[in-house]
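Note sheet for the following structure.
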Amino acid sequence: MMIESFLERATPIWMSVEDDYSDIVISTRIRLARNLDGYRFPLAFTENEALQVEQAVTHAIKDSTKLQENYSYFAIKDLTSLQRQILVEKHLISPQLAKKELVGSILLSDDESTSIMVNEEDHLRIQCMAASFQLQKAYEQANKIDRILEKALPFAFRDTFGYLTSCPTNIGTGLRASVMMHLPALTLTGQMNQIINAMTRLGMTVRGIYGEGSENLGNVYQVSNQITLGKTEDDILADIQSVAEKIIQKERHARGKLMEKAELALEDRVYRALGTLTHARILTSEEAATCLSNVRLGVDLQLIKGIKATTLNECVVSMQPGFLQHYAGDVLPPAERDRARAEMLREALFQENMSKPIIGEKGEGSFDV
Amino acid sequence: MICEHCKQRNATVTVTQVQSGQKVEHHYCDVCASQFHPFHAEFKQEPVSIQQLLSNWFGSPSWQQQKVGEKQQAQPQPQTCPQCGFTYKQFLKEGKFGCPSCYDTFSEHLPKLFNRIQAGPQHIGKMPGARSNVYVIKKQIEDIRKRMKVAVDEEHFEEAAKLRDEAKELEKQLQFEGGDVS
């Protein structure tokens with residue numbers, strides 16, 4: 001497929017699944033780090049070695065009859081900075097891969113649930129995503145691809161240290177499992193710091209979805225394992241599963257308490273957020289993220305009806321700078337982006353929220369004197 | 001004890017400073033302690049990077065660096081990875097290895113490192129398919145050798161001979177799978 005096909009959709013098809021966890025868990029991601037024996041890691045290799053690694057990987061994928069999905073290949077250097085940014089915003093590539101000037105490429109499955117990054121920090125990063133809380137499903141997919149590729153590629157592996165990786169924090173299984181969660185009630189009631197501290201002691205990390213330093217943006221957190229050696233894949237997945245379940249329980253409990261003790265205040269908060277999103281003319285990404293989080297909470301608690309969680313997911317992705325500029329078809333300075341963001345969110349949420357808008361875009365003209 | 005600074009509240013925090021090689025202790029209450037510069041500086045620091053962590057654990061603290069430097073001159077040259085030319089010092093600086101062979105070159109340092117940053121020094125997870133066959137056979141051979149030793153110790157030579165043949169058979173199979181027999 002052409003790169004445009006991947007840039008058009010704000011949310012891929014696999015995201016539109018709803019289950020018992022959809023009120024809290026947004027998505028699940030599994031990543032396997034692999035390297036080819038006999039080649040230096042991307043940190044130290046030559047361009048020629050990079051090319052050889054890339055050819056070996058792309059051939060292995062093209063030649064495999066067992067990979068049912070169709071994969072499209074893109075070299076990072078051939079993509080514009082805006083295209084790279086959109087792929088990062090969709091979590092299809094890492095910011096680190098997007099920055100590569102000479103080497104680095106991506107193989108994307110048509111449904112976008114699998115992306116194979118080549119020559120990022122490691123030669124191969126197999127990333128599989130699933131909607132909501134589906135660790136096993138995402139892992140099975142990643143494991144299947146790994147099993148197929150290992151037949152064609154000489155993965156660097158030692159009995160003692162397992163799969164060898166550039167950074168010792170990925171050694172062993174090379175497995176990173178992440179669950180992306182929306183935790184507004186735990187944040188509002190000031191329990192997140194305590195949870196983050198407890199997670200660290202359990203060998204897990206909690207980060208914001210937009211990477212370091214974005215911990216609170218939109219109350220969305222990513223819980224993932226830190227330990228990759230000395231545990232089996234099943235142990236790692238079971239640990240994340242049980243920790244995430246506990247957090248879900250805590251978040252539900254906190255939501256219940258908020259509804260019990262302060263329903264009116266909560267209702268006021270979520271409707272004010274909806275008001276801002278459907279009427280504001282200028283929205284920074286911080287304000288938009290906060291408002292979307294509050295509206296999502298309102299939808300999950302059934303205080304707001306008529307807005308789908310999938311619409312909100314779409315808004316979260318498409319309100320980011322890369323997407324906004326892609327839709328505008330132009331490079332926008334920050335102030336212009338804030339205007340475009342407000343317009344995009346108004347359009348997305350207004351129609352869904354109100355069948356008969358009280359003040360519509362066209363109606364505004366009639367107030368002119 | 002009363003806080004040295006406000007001279008009002010009880011001192012609950014002891015701050016030890018090293019001034020011109022001598023230890024000096026200060027006693028403050030938690031309110032005053034939290035206002036002092038060294039604490040703020042600590043809180044404001046960026047999250048510790050993996051490189052810093054590694055250097056802190058395996059490098060030497062700055063006050064020891066001179067001594068270590070002197071020692072190193074007397075010691076043989078540090079190991080260098082034959083494939084990528086990385087030294088262990090370089091690994092500590094980068095926080096990353098240069099190539100898969102680095103793991104073989106620096107293998108003696110690694111268990112200590114993995115004990116600290118991982119759940120242990122030994123991989124117990126999945127292995128590549130072919131490798132997993134090799135691993136299973138190696139385990140079987142190890143097991144047979146143990147049983148052979150017991151049989152010899154107990155002077156059951158016939159059984160020991162039978163086990164030796166079994167082990168030889170497995171070693172052939174191992175060579176066929178591409179594993180080393182050692």
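Scanning region A:166-180 for residues that are of a type in the set (A, V, I, L, M) and surrounded by 24 or more Cβ atoms within 10 Å (Cβ to Cβ) yields A:171, A:175, A:177, A:179.
Scan region A:297-345 residue by residue and report those that are over 25 Å from residue A:84 (Cβ atoms) and either of a type in the set (Gly, Ala, Ser) or within 17 Å of the chain's Cα centre (by Cα) (or both). Show your work before the answer.
Just the residues of region A:297-345 that are over 25 Å from residue A:84 (Cβ atoms), to begin with: A:297-312, A:342.
Listed by number, the residues that qualify are A:298, A:306, A:309, A:310, A:311, A:312, A:342.
Does residue A:88 meet the test of being closer than 29 Å to residue A:168 by Cβ and surrounded by fewer than 23 Cβ atoms within 10 Å (Cβ to Cβ)? In short, yes. Note on region A:174-210: residues that are part of a loop (DSSP other than H, G, I, E, B), in contact with a strand residue (DSSP E or B) (Cβ under 6 Å, 6 or more places away or on another chain) and within 14 Å of chain B (Cβ to nearest Cβ) total 1. Only one entry of A:282, A:307 meets the criterion of being within 15 Å of residue A:343 (Cα to Cα) and not in a helix (DSSP H, G or I), and that entry is A:282.
Within region A:149-161, is there a residue that is in contact with a Pro (Cβ under 8 Å, 6 or more places away or on another chain) and in a helix (DSSP H, G or I)? Yes; the residues of region A:149-161 include at least one that is in contact with a Pro (Cβ under 8 Å, 6 or more places away or on another chain) and in a helix (DSSP H, G or I).
Regarding residue B:86, is this residue crowded, with 17+ Cβ neighbours inside 10 Å, at pLDDT 85 or above and at the interface with another protein chain (Cβ under 8 Å from one of its Cβ atoms)?
Numbers: crowded, with 17+ Cβ neighbours inside 10 Å: yes; at pLDDT 85 or above: yes; at the interface with another protein chain (Cβ under 8 Å from one of its Cβ atoms): yes.
Here the answer is yes, as residue B:86 does meet what is asked.
Restricting attention to region A:317-348, the residues that are surrounded by fewer than 18 Cβ atoms within 10 Å (Cβ to Cβ) and of a type in the set (Gly, Ala, Ser) add up to 3.
Remark: pairs (first residue in region A:236-263, touching a residue at least 24 places away in the same chain (Cβ under 8 Å) and under 15 Å from residue A:132 (Cα atoms); second residue surrounded by 14 or more Cβ atoms within 10 Å (Cβ to Cβ) and among the polar types (S, T, N, Q); Cβ separation under 6 Å; 6+ apart in sequence or on different chains) = A:240/A:225. Taking the stated definitions as given, is residue A:126 modelled with pLDDT of 95 or more, among the β-branched types (Val, Ile, Thr) and under 27 Å from residue A:22 (Cα atoms)? The answer is yes for residue A:126. Of all residues in region A:137-155, those being of a type in the set (Gly, Ala, Ser) and either out of contact with any Lys or Arg (no Cβ under 8 Å at 6 or more places or on another chain) or surrounded by fewer than 20 Cβ atoms within 10 Å (Cβ to Cβ) (or both) number 1.
Rundown of residues vs (1) charged (D, E, K, R); (2) modelled with pLDDT of 90 or more; (3) within 30 Å of residue A:246 (Cα to Cα), yes/no style:
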{"site": "A:17", "(1), (2), (3)": "no, no, yes"}
{"site": "A:29", "(1), (2), (3)": "yes, yes, yes"}
{"site": "A:33", "(1), (2), (3)": "no, yes, yes"}
{"site": "A:41", "(1), (2), (3)": "no, yes, no"}
{"site": "A:56", "(1), (2), (3)": "no, yes, no"}
{"site": "A:63", "(1), (2), (3)": "yes, no, no"}
{"site": "A:67", "(1), (2), (3)": "no, no, no"}
{"site": "A:79", "(1), (2), (3)": "no, yes, no"}
{"site": "A:90", "(1), (2), (3)": "yes, no, yes"}
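Being within 14 Å of chain B (Cβ to nearest Cβ) and either among the charged types (D, E, K, R) or on the phi > 0 side of the Ramachandran plot (or both) is the filter here, so list the residues in region A:127-172 that pass it. Show your work before the answer.
Of the residues in region A:127-172, the ones within 14 Å of chain B (Cβ to nearest Cβ) are A:139-140, A:142-172.
Selection gives A:140, A:144, A:146, A:147, A:150, A:151, A:158, A:159, A:162, A:172.
Taking the criterion of being loosely packed, with under 14 Cβ neighbours inside 10 Å and facing chain A (nearest Cβ under 7 Å), the only residue of region B:95-145 that qualifies is B:129.
Is it true that residue A:103 is farther than 29 Å from residue A:332 by Cβ and at pLDDT 95 or above? Steps first, please.
Details: farther than 29 Å from residue A:332 by Cβ: yes; at pLDDT 95 or above: no.
So residue A:103 does not fit the description; no.
Out of the residues in region A:40-83 that are among the charged types (D, E, K, R) and without any contact (Cβ under 8 Å) to a residue 24 or more places away in the chain, which is surrounded by the fewest Cβ atoms within 10 Å (Cβ to Cβ)? Give the derivation first.
If we filter region A:40-83 for residues that are among the charged types (D, E, K, R), which is where we start, we get A:40, A:47, A:49, A:54, A:62-63, A:66, A:69, A:77-78.
Checking the rest, the ones that are also without any contact (Cβ under 8 Å) to a residue 24 or more places away in the chain come to A:40, A:49, A:62, A:78.
Details: A:40: 26, A:49: 20, A:62: 11, A:78: 9.
Among residues in region A:40-83 that are among the charged types (D, E, K, R) and without any contact (Cβ under 8 Å) to a residue 24 or more places away in the chain, the one surrounded by the fewest Cβ atoms within 10 Å (Cβ to Cβ) is A:78.
What number goes with the only condition from (1) surrounded by fewer than 14 Cβ atoms within 10 Å (Cβ to Cβ); (2) in contact with a Gly (Cβ under 8 Å, 6 or more places away or on another chain); (3) within 14 Å of another protein chain (Cβ to nearest Cβ); (4) not hydrophobic (A, V, I, L, M, F, W, C) that residue A:34 does not pass? Residue A:34 satisfies all of (1) surrounded by fewer than 14 Cβ atoms within 10 Å (Cβ to Cβ); (2) in contact with a Gly (Cβ under 8 Å, 6 or more places away or on another chain); (3) within 14 Å of another protein chain (Cβ to nearest Cβ); (4) not hydrophobic (A, V, I, L, M, F, W, C) except (1). Scanning region B:119-130 for residues that are without any contact (Cβ under 8 Å) to a residue 12 or more places away in the chain and under 24 Å from residue A:39 (Cβ atoms) yields B:123, B:125, B:126, B:127, B:128, B:129.
Can you confirm whether residue A:254 is closer than 13 Å to residue A:185 by Cα and among the small types (Gly, Ala, Ser)?
Details: closer than 13 Å to residue A:185 by Cα: yes; among the small types (Gly, Ala, Ser): yes.
Judged against the criteria, residue A:254 is a match.
Got a sec? Which of A:201, A:176 is at pLDDT below 95 and not hydrophobic (A, V, I, L, M, F, W, C)? Can you show your working first?
Values: A:176 fails: at pLDDT below 95.
That would be A:201, the only listed residue that is at pLDDT below 95 and not hydrophobic (A, V, I, L, M, F, W, C).
Residues in region A:268-286 that are charged (D, E, K, R) and modelled with pLDDT under 95: A:286 only.
The values are calculated or read from the model by the stated rules, or taken from the named source; none is laboratory data. Remember, predicted model here, so these are calculated numbers, not experimental data. Note that we place each Cβ from the backbone using ideal geometry, even for glycine, and neighbour counts take in every protein chain shown.
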